[in-house]
Amino acid sequence: MTHSLIYYYTDGACGTGKTHQALSKIVMAGGRHLFVVDRKETMIERQATVTKIAIATGHYMPTLCVMSGDDRNTKKHGVRRRIHDLPTDYGDHPDVCVFITHEAMRMCDFSDFSGWSIWIDEVPDVMDNETMNIAVSRVIFESLYDLDPILTEAGDSTGWSEVVSRDPTVDLAMIASDDVAHGLRSLHRRVMEAKATNRRSVIVNGDAWSEFVGDKKCNWFSLWSPEYLANFQSVTFLANAFTNSLTFQIMRSMWPDIEWMEVRTNVNRVFKPRSVMIHYYADNHVASRTLFSSEAGKRNLEAISIDINSRIGDRDHIWMCNKAQDDAVRLMGRKLSPKQAGSNEYQHISAATCIYSVKPDADQRKVYDLLGIDPDYYTETNERETILQFMCRTSVRDPDSTAPIDLFVYDKAQAEYLLRYFERDQRGYAAASMQLHDLGFAQIERKTGRPVIARSVEEKRELARIRKARQRSKVKVAA
């Protein structure tokens, strides 16, 4: 660690120019920078912005995008290895800006990035996980780590275990220098830190390494720690309403030693007033893929489509939905992919629709419970924040527009999330309100109980056998 844990953030709302100002600062100040975005397409856009700024200011700034591709050598582990090699590859370069994704950031170790600065664009997910096929390499896992099964209060297996280091002499440097084990670098660091801090754990979907044969893949989870960025010269988060996000609340609660300092953007643009109407269709239940896939759900979506089309008329309109609902959502206008954060291409449009649901499945809920995180965090991060970012691609971000804005979502919870965003915006130029349209199903209540993982009798017996065998082995070791 090269400095005390002081992290910076820019909390500006959409359209305040925080990303452009950050990129301008990078170009003008020079130095070595890692710029983290939410998706590969955004990397190209940000790289082009840096090039334009460099040409306009006369400050040369080399750029690089590190991403996976169709070539086998650029798959996931290839990306990680290339990022880990950046301090060596660009150690003699005074200036460079490298673009990577949130996913890549979470799976990398940044111990060697002293002297670099990192910028995280948009709110990152703090859940860290990786899926690996270890049918052959599981012998390496068996030699490095024990699995400590996580039991229910009744003593039954949950199907998950905590990963525990077997040999404390195997440090991160040894893993990093090993050509075969290099891919375990991020996992090993998390296991070591979990043991040292007794604060977090790494869990995996099995009770013994011998289970990971055939088609069963090893899926490990942990909480991504902002402390992994401590070796950077500076750390800056760029996200609208960042301090209101659950990601920030979790980081501040679990890592209280980090001091957060706000860097305000220089907002020179005056936004003209406009009204924002947030339309929704369900009052007593929420959007879900299960509902949308049912016959009743499809009828709901068809009715919503007719209603939205009648309200939009001949106006320009952008919209998105879950891929599985393409046949039921039939809207006029331009259909886009859900992930549109950071784009200015549609800021002339004043109508947008998101018929979208991302809820945790049974395994994901179990993982969140085991790690002590409210599973609703998954929905807020992956569903409602995605909807907000999509809606903010409209004329919400155009300072000169006065056109009334209409935003359409499925349920009240989504509508309220959007309303809170506009109410928090200190610029106060957007007068937002909500309107329910009851098409006959708004007041219907639907059960949202957590799904249960069903296990066969044979699976339960096998889990019990493994648990007893591990208990006997522990007794022998203790003796």
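Please treat every number below as a calculation from the coordinates, not as lab data. Values in this document were obtained by computation on a predicted structure and should not be read as measured data. Backbone-built Cβ (ideal geometry, glycine too); neighbour counts: all protein chains shown.
Using the Cβ-Cβ distance between ARG311 and GLN443 with R0 set to 25 Å, the FRET efficiency from 1/(1 + (r/R0)^6) comes to roughly 0.75. Using R0 = 35 Å, the C-beta based FRET efficiency linking ASN344 and ASN133 works out to 0.30. All distinct Cα pairs of the range 128-222 go into the 1/r average, and the inverse of that average, the Kirkwood radius, is 13.7 Å. With the simple spin-label model, which puts each label point 7 Å out from Cα in the Cβ direction, the LEU436 to ASP85 separation comes to 5.9 nm. So what is the 222 nm mean residue ellipticity for the chain from helices alone, if each DSSP H run of at least 4 adds -39500 (n - 2.57) and you divide by all residues, rounding to the nearest 500 deg cm²/dmol? It comes out at -10000 deg cm²/dmol, rounded to the nearest 500. Beyond 23 Å in Cα-Cα separation lie the following of the pairs LYS40/LYS216; LYS339/LYS366; LYS339/LYS412; LYS298/LYS359; LYS40/LYS195; LYS217/LYS298: LYS40/LYS216; LYS339/LYS366; LYS40/LYS195; LYS217/LYS298. FRET efficiency for the pair MET28 and ASN244, taken as 1/(1 + (r/R0)^6) with r the Cβ-Cβ distance and R0 = 45 Å, rounds to 0.90. Here the label points at SER275 and VAL164, each 7 Å from Cα along the C-beta direction, are separated by 6.4 nm in the simple model.
Let me see the pair-distance distribution of the chain: every alpha carbon pair, 10 Å bin width, integer percents in order. Spelled out per bin, shortest first, that is 4, 17, 26, 25, 18, 8, 2, 0. Per residue, the convex hull spanned by the Cα atoms of the range 274-436 measures out at 118 cubic angstrom.
Summing charges over neighbours of GLU302, with a neighbour being any other residue whose Cβ is under 13 Å away from its Cβ, gives -1 when K and R count +1 and D and E count -1. Taking N as the residue count of the range 222-296, its C-alpha radius of gyration divided by 2.2 N^0.38 Å amounts to 1.73. Left without a cysteine partner by the 4.7 Å Cβ rule in the chain: CYS65, CYS97, CYS108, CYS218, CYS321, CYS354.
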